[in-house]
Amino acid sequence: MNGWIIAAIVIAAAALFAAVSMVLLKKFRPKKFELVKTRIRKLFSGILYYSLIWFPRSKKIMLFGGEQGKSFDGNTKYLFLEAAKVPGLRPVWICKSGKLAKKIRAMGYEAYTSRSSKGIWLQLRAKTIVLSSSLKEDFFFIPLYGATSVNLWHGVGLKRSWFRNMNSISAQVMASKPSLSRSLKMWWIKTNQTRRCYVVGTSERVCEYYPATYNIKPENVLNLGQARNDVFYDDSLEQTEIPEYFRTNKIILYMPTHRFTGVKSKNLHDKTRDDMGSRIDYKRLSPLLQKYGYTFVIKQHRWTKKTIKTKYPNIIDITHDNFNFDPQLLLKYTDILITDYSSCYTDFLLLDRPVIFYCYDMKEYLSKWEFNFDYDEVTPGPKAMTSNELIDAIESFMKGEDDYREERARVLDIFYSPENRGLTAKKQLDYILGKITKYRV
């Protein structure tokens, strides 16, 4: 009996079981209907996911997705653009926004939403998928188990995530005692990864903790850099949407991370503090910016709802105005970066420019988040705990004083191997096609 028949029988049996269970439950135990309905839906989805392993897949079809399926940027975007140059290869962008898919098609590329008929069919047929976060965030996971996934991630992993972040359900289940309940939960958790998984890192130090982070074999961790940094070295990759003042003005960019604690919530904003940008004395800062000829740009995390409004023309919040262009372009044209616990500064180190860490809530934040590194070891710049300390550090850098060059070089060695400090997209694609997909041009 071939795989197709087996899969069809398993799926039909699961569907029949789910349908009968739902009818009986709603009739005899209505109070538990919603809870059990969710569990039955997960059970059926999982059976369907694992059963589709037998679906035939094509080496020519390569799917790409952005973070949470809502963007066209980051590492996956630059690898997608490189894949579009390969003769015979069919790179397709899969997203969760019809508007975004339409925009990408207007650029001359192929793109579909993850739950459209075309999108589902291609997710069933693709041999390789390239993601930025996880199957369930970037794609419609059910058709994907039989594919090979390459996770480029969206940073170097400064904070612990996945199976190493004890705030996550995955890590809590992994750490729990062996039991039937644990086995069933792991069975469901693994539906967030394909049968064969790879993850791309940036250095030996970073790659060391990726096997435990993603629960994969060490040999499936690839030290190949980050394709999104190609824009630092190739002006032809730039988008026109970036504001012109970024190219013409001297820029100080404030890019803090979110304050979401990791607690599961239907509305992430419920757990996100919106006061990061308001903790600066702009009245004192603005005259100094004018004196030295700088523009101060605020780019808060996308989960942050509040926009900082000031009366000063040299202080601009673009948090909710900048989703038409890649944040890496902001870094490329930034002269001084201010951040806190975001890994954005690790990319910025490639440009060897000053970084300030505005970590006024460091004790509180580090008590809630686990880091892959000692925070002080990998933060090569002044640490400001108050607004006055921050502005003093800004003024020092605006004057041209910089005592952190050697420290930046030391930390750069931690996060980026020498071979990953330049154009990397083509190198990554050659490896994936040659070593993983076995695609021949």
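Since every read-out is calculated from the coordinates, none of them should be taken as a lab result. Computed from a predicted model, the values in this text were never measured in an experiment. In this analysis, Cβ positions are derived from the backbone assuming ideal geometry, glycine residues included, and neighbour counts consider all displayed protein chains.
What pairs in Lys306/Lys363; Lys70/Lys438; Lys159/Lys363; Lys70/Lys426; Lys102/Lys299; Lys77/Lys102 have C-alpha atoms more than 22 Å from each other?
Beyond 22 Å between Cα atoms: Lys306/Lys363; Lys70/Lys438; Lys70/Lys426; Lys102/Lys299.
How far, in degrees from 0 to 90, does helix 282-292 lean away from the longest principal axis of the Cα atoms of the chain, to the nearest 10?
Computed tilt is about 70 degrees.
Once you have all Cα-Cα distances for the chain, histogram them in 10 Å bins from zero and send the whole-percent values.
Calculated over all Cα pairs of the chain, the distribution is 4, 19, 29, 26, 14, 6, 2, 0 percent.
Using Cα centres only, tell me the gap between the stretch 88-141 and the stretch 205-235 in whole Å.
22
In the stretch 339-438, what is the volume of the convex hull around the alpha carbon atoms, normalised per residue and reported in Å³?
That works out to 116 Å³ per residue.
Which pairs, out of Lys136/Lys190; Lys332/Lys435; Lys96/Lys332, put more than 21 Å between their alpha-carbon atoms?
The answer is Lys332/Lys435; Lys96/Lys332.
Give me a comma-separated list of calculated 3J(HN,Hα) values for the stretch 188-194, in order, Karplus coefficients 6.51, -1.76, 1.60 applied at θ = phi - 60°, integers in Hz, x for any Gly or Pro.
Result, ordered by residue: 6, 4, 6, 6, 8, 9, 6 Hz.
Considering amide H positions built from the backbone, and no H for Pro or chain starts, which residues 5 or more places from Phe72, or on another chain, come under 5 Å of its amide H?
none
List the aspartates and glutamates whose Cα sits under 19 Å from the Cα of Lys217, skipping any in the same chain fewer than 8 residues away.
In chain and number order, the partners are Glu204, Glu208.
If you rank Met385, Met62, Met398 by fewest surrounding Cβ atoms within 10 Å, what's the result? Write down the numbers at each step before the final one.
On the way: Met385 14, Met62 27, Met398 19.
Least crowded to most crowded, the residues run Met385, Met398, Met62.
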